[in-house]
Amino acid sequence: MVATLEETKTAAKARQVLCGEVKHLLVDRLGLSVDPDLIGDDQPLFGRGLELDSIDTLELAMAVEEKFGVMITDDDTESLLSLNRLVDYVEGNR
Amino acid sequence: MTAAPSVRPGGLSADEIARLLPHRYPFALLDRVTSVEPGVRAEAIKNVTASDPVLAGHFPGRMLYPGVLLVECVAQLAAVIYGSAAATRSTGELVADVAERVGYLAEIKQAKFLRTVLPGDQVVVRAQAGPRMGDLMSVTGQASVGRDVVMTARLVVTERDSE
């Protein structure tokens, strides 16, 4: 099936909105001192990206479950590697 | 090993707590667990006494039970929650020698101290396990004296998996 230009635009817009929501969620729940709108979509969440640590994974998983109703378990922690992967996971599971 | 006397059905004596936790004097803070739902929640008593050596230094002439030790009470009760769950899984009993499972206090997300705790106070400590991921477990806790809530806290603790 081929998506029309309009459908593609709508999907892209929805994705952009979701990315924004996830960025704000990250900043709010983890108390990051960064402007959510300056977080890049490909930015890694851990290490030299947003500098989250392993203890933050639990808070992040709790926040994602509360806001989007999507549960992240021990087996899905790869979805927390970057913002895009997290958004993919939320999109695919809600 | 002779079983320590249990305080009441569903509760744990100080000797039984010592089988779940590695903490010993002067850092075994809970006197009695009054109820426990393994893996889920627990309630305990901490009696504060003037002969507690920590009060000799906190503070001379103005004895106050340290707030950080109330936080530690919640952390120890969290270990009772997962320790009793591990004991139940492996033996079917609430208590077993599972102290090696106790990990670390990983995070204090929030703590609020609403009232001072003084010698003679009986502190009731409550803890409720929250979501888990890997070896991390979130915990919400509360301490109260009589009807007054004296402390609330949200923590993350770790459990070492030795199974």
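The values are calculated or read from the model by the stated rules, or taken from the named source; none is laboratory data. All figures in this text were calculated on a predicted structure; none of them were measured in a lab. Here Cβ is always computed from backbone atoms with ideal geometry, including for glycine, and neighbour counts include all displayed protein chains. The protein model used for the area step is the full one, side chains on, heavy atoms only, and it has no ligands, DNA or RNA in it. Shrake-Rupley method; radii C 1.70, N 1.55, O 1.52, S 1.80 Å.
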*When only C-alpha pairs under 8 Å and at least 6 residues apart count, what is the relative contact order of the range A:15-67, in percent?*
31 percent
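Could you give the size of the charge dipole of the range B:14-158 about its Cα centre, using +1 on the Cβ of each K and R and -1 on the Cβ of each D and E, expressed in debye and rounded to the nearest 20? The partial results should precede the final answer.
Details: 15 positive and 14 negative charges, 91 e Å.
Using only the charged Cβ atoms, the result is roughly 440 debye.
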*Tell me what the protein assembly as shown gives for mean residue ellipticity at 222 nm when only DSSP H runs of n ≥ 4 count, each as -39,500 (n - 2.57), the sum divided by the residue total, rounded to 500 deg cm²/dmol.*
-11500 deg cm²/dmol
*asked:* Taking the 0 to 90 degree range and rounding to the nearest ten, how far is the long axis of helix B:67-91 tilted relative to the main principal axis of chain B, both from C-alpha atoms?
replied: 20 degrees
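Counting only other chains, and only Cβ atoms inside 10 Å, what mean value do you get across the residues of A:66-78? Mind showing how you got there, number by number?
Numbers: counts 1, 0, 0, 0, 0, 1, 2, 4, 5, 0, 1, 2, 0.
Taking the mean over all residues of the peptide, I get 1.
Could you sort B:13-21, B:46-54, B:118-126 so that the peptide with the highest average Cβ count within 10 Å comes first and the rest follow in order? Each step should come with its number before you reach the end.
Working: B:13-21: 20.1, B:46-54: 14.0, B:118-126: 17.3.
Ranking, from highest mean packing down: B:13-21, B:118-126, B:46-54.
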*If R0 is 22 Å, what FRET efficiency do you get for B:Asp148 and B:Phe59 from their C-beta distance, rounded to 0.05?*
0.55
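If you take every residue apart from B:Ala87 with its C-beta less than 9 Å away from the C-beta of B:Ala87, what net charge results, scoring Lys and Arg +1 and Asp and Glu -1? Could the numbers behind the result be given before it?
Numbers: positive: B:Arg19, B:Arg89; negative: B:Glu93, B:Asp97.
Net of charged neighbours comes to 0.
Determine the share of the protein assembly as shown's accessible area contributed by carbon and sulfur atoms, expressed in whole percent, with a 1.4 angstrom probe.
52 percent
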*asked:* Past 31 Å, Cα to Cα: identify those pairs from A:Lys9/A:Lys67; A:Lys9/B:Lys109; A:Lys23/B:Lys46; B:Lys46/B:Lys109, in the order given.
replied: A:Lys9/B:Lys109; A:Lys23/B:Lys46
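Return one whole number: the accessible area per residue of the protein assembly as shown in Å², for a 1.4 Å probe.
Details: 13650 Å² over 257 residues.
It amounts to 53 Å² per residue over the protein assembly as shown.
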*What is the calculated FRET efficiency for A:Arg29 to A:Val2, with r their C-beta to C-beta distance and R₀ = 35 Å, to the nearest 0.05?*
0.35
*Using 7 Å Cα-to-Cβ label points, what is the B:Phe27/B:Asp161 separation (nm, one decimal)?*
2.6 nm
*Just by accessible area at a 1.4 angstrom probe, what is the order of A:Met62, B:Met137, A:Met71 from largest to smallest?*
A:Met71, A:Met62, B:Met137
_Cut-off 10 angstrom, C-alpha nodes, Gaussian network model of chain B. Which of B:Ala42, B:Ala75, B:Ala99 fluctuates the most?_
B:Ala99
*Top positive-direction residue, dipole computed over the protein assembly as shown with Cβ charges, set B:Ala28, B:Met133, A:Gly47*: B:Ala28
